[in-house]
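Colleague: Structure provided below as structure tokens; questions to follow.
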Amino acid sequence: MYRGSRRLLAFAASTALIVACGGAGGGATPGPTPSGPSPTATPTSAAAPNCLGVTPAPVTTPPPGPSPAPPAGLTVASGLHIQAIASVANPRELASLPNGDLLIGTTGSTVALLPFAESPSGALAAHTFATIGDGPDNGVAFSSSLCTIFVGTQHGVYAIPYGYGDQTARSTPVLIASIRTGSPPAGSDGDVHSTTSVAYSEVTNLLDVAVGSSCNACAETDTTRASIFQMTATGGAMTKRATRIRNGIALTANPSSGHLWVGDAGQDDLPGTHPYEFVDDVTAHGGVADYGWPDCEENHVAYASGAQCAATVAPLVEFPAYSTIIGAAFYPAQAGGLAYALPAPYRGAMFVTRHGSWHTPGGCNVVPEVDFVPMNGDVPATPVDWSDPTKQWQPFVTGFQPGCSSSTRIGRPTGITVSASGTLFIADDRAGEIYRVRP
């Protein structure tokens, strides 16, 4: 698709030269942030072998040593082992790279890289992979077919060409789409969400982008906010796929079907224990999926006087109110041949990280944890019970908040991803840790 681009041919030629010379794949430190979109730029390589065949950059191999210790206080499901493999400041969304490194979005203006995340003796220290300067650099995704890393920042979506083993970005991140181009509405309540999440599907060959709202409850004047967009890998054909979704920060594509799933951090300060918070299959809805915020949520329930909710989406998977869903990832259904394959009950399941909240329904703060949802493809194994938002999922990692109060929290899970070997990685922005789960 991209062979006509002179920029691409130059990149492919430089990659071939690296292979021929046996040189390193690590690139130059990225330069200043571009000032605007570059629709003609093509930041991807011509074919997948360019990123998988480049000689890795020279990196010190971790010395042999004992397996990393389990994090104090956390408990994982029976038959599995959780390890704290690295400390990282303010980690958010995660993406696994083909050589075993881990890419980490942050609440700062940088994207971090964790080398040797798969190593039995633990990873090396994390370091800056790219500096974009438009924090939070929350969202990260990787396309193996395009050899491209995508980053979602406060005001943009960026693409970075990747060569196997790169330890820093080999070129300046390319701005492929601009978001949050307008201001919050006048009189906004000030609950401005600045994160952007990204997900790339190798099935659809499309990039999805979720942009948080500018308030807790308002009518947005910037049409890019409180929305999910779909576009090509170069930012073309940008189309809205979902609207009126307060903060769809958990974004993932089912690797088997290509369906886009989103997890929402819902509206605050509504009476009782509603609205529930959800994870839903955006692809299951034709046109632009309307999630109804702030007027309607849940099962067509109206939270604003006179709201018309019959045409809004009733999501497929529900969690208790104020769960603050931040990460989601599907585990491969066909994982039997993977080095670190999780047991059969987890295969094809969707993992969800719940950040917890300061809200106290029932007198206690909402507890952070990692859960899994048994799935049959893109259909939850247990249908929604609108009277009970706890029936569709099971706890997976617990112990983040051993007491009733948020002051007792030892961690809060954020991003989650599955590596090519079957390892499950989890980020924790309260403890500043990266965890690894294996059998």
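The values are calculated or read from the model by the stated rules, or taken from the named source; none is laboratory data. These numbers come from a predicted model, not from an experiment. Neighbour counts run over all protein chains shown; Cβ positions are idealised from the backbone, glycine included.
Colleague: Of the residues Ala310, Ala250, Ala314, which is surrounded by 23 or more Cβ atoms within 10 Å (Cβ to Cβ) and of a type in the set (A, V, I, L, M)?
Modeller: Working: Ala310 fails: surrounded by 23 or more Cβ atoms within 10 Å (Cβ to Cβ); Ala314 fails: surrounded by 23 or more Cβ atoms within 10 Å (Cβ to Cβ).
None of the other options fit; the residue is Ala250.
Colleague: Of all residues in the stretch 336-381, which are in contact with a Phe, Trp or Tyr (Cβ under 7 Å, 6 or more places away or on another chain) and among the hydroxyl-bearing types (Ser, Thr, Tyr)?
Modeller: Hits for the stretch 336-381 are Tyr346, Ser357.
Colleague: While we're on this one: What number of residues in the stretch 278-300 are modelled with pLDDT under 95 and either of a type in the set (Val, Ile, Thr) or within 19 Å of Val352 (Cα to Cα) (or both)?
Modeller: Qualifying residue count for the region: 1.
Colleague: Sticking with this structure for a sec: Considering only the stretch 221-232, state which residues are in a loop (DSSP other than H, G, I, E, B) and either of a type in the set (Ser, Thr, Tyr) or at pLDDT below 95 (or both). Before the answer, list the steps.
Modeller: So in the stretch 221-232, the residues in a loop (DSSP other than H, G, I, E, B) come out as 221-226, 232.
Hits for the stretch 221-232 are Thr221, Thr223, Thr224, Thr232.
Colleague: Something else now. Of a type in the set (D, E, K, R) and surrounded by 24 or more Cβ atoms within 10 Å (Cβ to Cβ) - does that describe any residue in the stretch 181-195? Break it down into steps so the answer makes sense when it comes.
Modeller: Taking the stretch 181-195 first, the residues of a type in the set (D, E, K, R) are 189, 191.
Checking the rest, the ones that are also surrounded by 24 or more Cβ atoms within 10 Å (Cβ to Cβ) come to none.
Within the stretch 181-195, none of the residues are of a type in the set (D, E, K, R) and surrounded by 24 or more Cβ atoms within 10 Å (Cβ to Cβ).
Colleague: Let me ask another. Which is buried (at least 16 other Cβ atoms within 10 Å of the Cβ) and either closer than 19 Å to Thr131 by Cα or touching a Phe, Trp or Tyr at 6+ places or on another chain (Cβ under 7 Å) (or both), of Pro98, Pro68?
Modeller: On the way: Pro68 fails: either closer than 19 Å to Thr131 by Cα or touching a Phe, Trp or Tyr at 6+ places or on another chain (Cβ under 7 Å) (or both).
Result: Pro98 is the single residue among Pro98, Pro68 that is buried (at least 16 other Cβ atoms within 10 Å of the Cβ) and either closer than 19 Å to Thr131 by Cα or touching a Phe, Trp or Tyr at 6+ places or on another chain (Cβ under 7 Å) (or both).
Colleague: Return yes or no: is Ser119 surrounded by fewer than 22 Cβ atoms within 10 Å (Cβ to Cβ) and under 19 Å from the mean Cα position of the chain (by Cα)?
Modeller: So Ser119 fails the test.
Colleague: Select from the stretch 169-187 the residues that are farther than 22 Å from Met231 by Cα and touching a Ser or Thr at 6+ places or on another chain (Cβ under 6 Å) and list them in ascending order.
Modeller: Residues satisfying the conditions are Pro184, Pro185.
Colleague: Looking at the stretch 141-174 only, could you name the residues that are outside any loop (DSSP other than H, G, I, E, B) and over 25 Å from Phe330 (Cβ atoms)? Even if it seems obvious, please write down each step before you answer.
Modeller: Of the stretch 141-174, the ones outside any loop (DSSP other than H, G, I, E, B) are 141-143, 148-152, 156-161, 174.
Matches in the stretch 141-174: Gly156, Pro161, Val174.
Colleague: Moving to a separate point now. Got a sec? Which of Ala210, Ala177, Ala186 is assigned to a loop (DSSP other than H, G, I, E, B) and among the hydrophobic types (A, V, I, L, M, F, W, C)? Outline the logic, then answer.
Modeller: On the way: Ala210 fails: assigned to a loop (DSSP other than H, G, I, E, B); Ala177 fails: assigned to a loop (DSSP other than H, G, I, E, B).
When all the criteria are applied, what remains is Ala186.
Colleague: When the stretch 323-365 is examined, which residues are found to be out of contact with any Gly (no Cβ under 9 Å at 6 or more places or on another chain), of a type outside the set (Gly, Ala, Ser) and part of a loop (DSSP other than H, G, I, E, B)?
Modeller: Trp358, His359, Thr360
Colleague: Return the total of residues in the stretch 233-256 being outside any strand (DSSP E or B) and touching a helix residue (DSSP H, G or I) at 6+ places or on another chain (Cβ under 8 Å). Let's see the steps before the verdict.
Modeller: Initial filter on the stretch 233-256 (outside any strand (DSSP E or B)): 233-238, 244-249, 254-256.
Checking the rest, the ones that are also touching a helix residue (DSSP H, G or I) at 6+ places or on another chain (Cβ under 8 Å) come to none.
Result for the stretch 233-256: 0.
Colleague: Also: Is there any pair linking a residue in the stretch 285-299 that is closer than 16 Å to Val262 by Cβ to one that is modelled with pLDDT under 95 and part of a loop (DSSP other than H, G, I, E, B), with Cβ under 6 Å and at least six apart or on different chains, and which?
Modeller: Glu297/Pro275; Glu298/Pro275; Glu298/Tyr276
Colleague: Return yes when Thr128 is surrounded by fewer than 22 Cβ atoms within 10 Å (Cβ to Cβ) and assigned to a strand (DSSP E or B) and no when it is not.
Modeller: Values: surrounded by fewer than 22 Cβ atoms within 10 Å (Cβ to Cβ): yes; assigned to a strand (DSSP E or B): yes.
Answer is yes for this residue.
Colleague: Given the structure, is Gly133 out of contact with any strand residue (DSSP E or B) (no Cβ under 6 Å at 6 or more places or on another chain), part of a loop (DSSP other than H, G, I, E, B) and not charged (D, E, K, R)?
Modeller: Details: out of contact with any strand residue (DSSP E or B) (no Cβ under 6 Å at 6 or more places or on another chain): yes; part of a loop (DSSP other than H, G, I, E, B): yes; not charged (D, E, K, R): yes.
Considered against the rule, which asks whether it is out of contact with any strand residue (DSSP E or B) (no Cβ under 6 Å at 6 or more places or on another chain), part of a loop (DSSP other than H, G, I, E, B) and not charged (D, E, K, R), Gly133 comes out as yes.
Colleague: Restricted to the stretch 149-200, and to residues that are without any contact (Cβ under 8 Å) to a residue 40 or more places away in the chain and among the hydroxyl-bearing types (Ser, Thr, Tyr), which residue is farthest from Gly212 (Cα to Cα)?
Modeller: Among residues in the stretch 149-200 that are without any contact (Cβ under 8 Å) to a residue 40 or more places away in the chain and among the hydroxyl-bearing types (Ser, Thr, Tyr), the one farthest from Gly212 (Cα to Cα) is Tyr158.
Colleague: Applying the selection to the stretch 263-275, what residues are surrounded by 16 or more Cβ atoms within 10 Å (Cβ to Cβ), in contact with a Pro (Cβ under 9 Å, 6 or more places away or on another chain) and in contact (Cβ under 8 Å) with a residue 60 or more places away in the chain?
Modeller: Answer for the stretch 263-275, where residues must be surrounded by 16 or more Cβ atoms within 10 Å (Cβ to Cβ), in contact with a Pro (Cβ under 9 Å, 6 or more places away or on another chain) and in contact (Cβ under 8 Å) with a residue 60 or more places away in the chain: just Asp264.
Colleague: Please find, within the stretch 189-207, the residue that is nearest to Gly133 (Cα to Cα) out of those that are in a loop (DSSP other than H, G, I, E, B) and β-branched (Val, Ile, Thr). Full working, then the answer.
Modeller: Of the stretch 189-207, the ones in a loop (DSSP other than H, G, I, E, B) are 189-195, 202-205.
In the following step, the residues that additionally are β-branched (Val, Ile, Thr) were identified as 192, 195, 203-204.
Details: Val192: 19, Thr195: 14, Val203: 31, Thr204: 30 Å.
If we take residues in the stretch 189-207 being in a loop (DSSP other than H, G, I, E, B) and β-branched (Val, Ile, Thr), then Thr195 is nearest to Gly133 (Cα to Cα).
Colleague: Oh, and also: If I go through the stretch 366-382 residue by residue, how many of them are of a type in the set (A, V, I, L, M), surrounded by 14 or more Cβ atoms within 10 Å (Cβ to Cβ), out of contact with any Ser or Thr (no Cβ under 7 Å at 6 or more places or on another chain) and part of a strand (DSSP E or B)?
Modeller: Kept after step one, since they are of a type in the set (A, V, I, L, M), are these residues of the stretch 366-382: 366-367, 370, 373, 375, 379, 381.
Pick out the ones that are also surrounded by 14 or more Cβ atoms within 10 Å (Cβ to Cβ) and you get 366-367, 370, 373, 375.
If we keep only those that are out of contact with any Ser or Thr (no Cβ under 7 Å at 6 or more places or on another chain) as well, we get 367, 373, 375.
Pick out the ones that are also part of a strand (DSSP E or B) and you get 373, 375.
Total satisfying the criteria: 2.
Colleague: So, in the stretch 137-177, how many residues would count as being over 21 Å from Gly100 (Cβ atoms), of a type outside the set (S, T, N, Q) and touching a Lys or Arg at 6+ places or on another chain (Cβ under 7 Å)? Break it down into steps so the answer makes sense when it comes.
Modeller: Taking the stretch 137-177 first, the residues over 21 Å from Gly100 (Cβ atoms) are 137-139, 152-159, 171-177.
Then drop every residue that is not of a type outside the set (S, T, N, Q), which leaves 137, 139, 152, 155-159, 173-177.
Now restrict to residues that are touching a Lys or Arg at 6+ places or on another chain (Cβ under 7 Å): 155.
Qualifying residue count, the stretch 137-177: 1.
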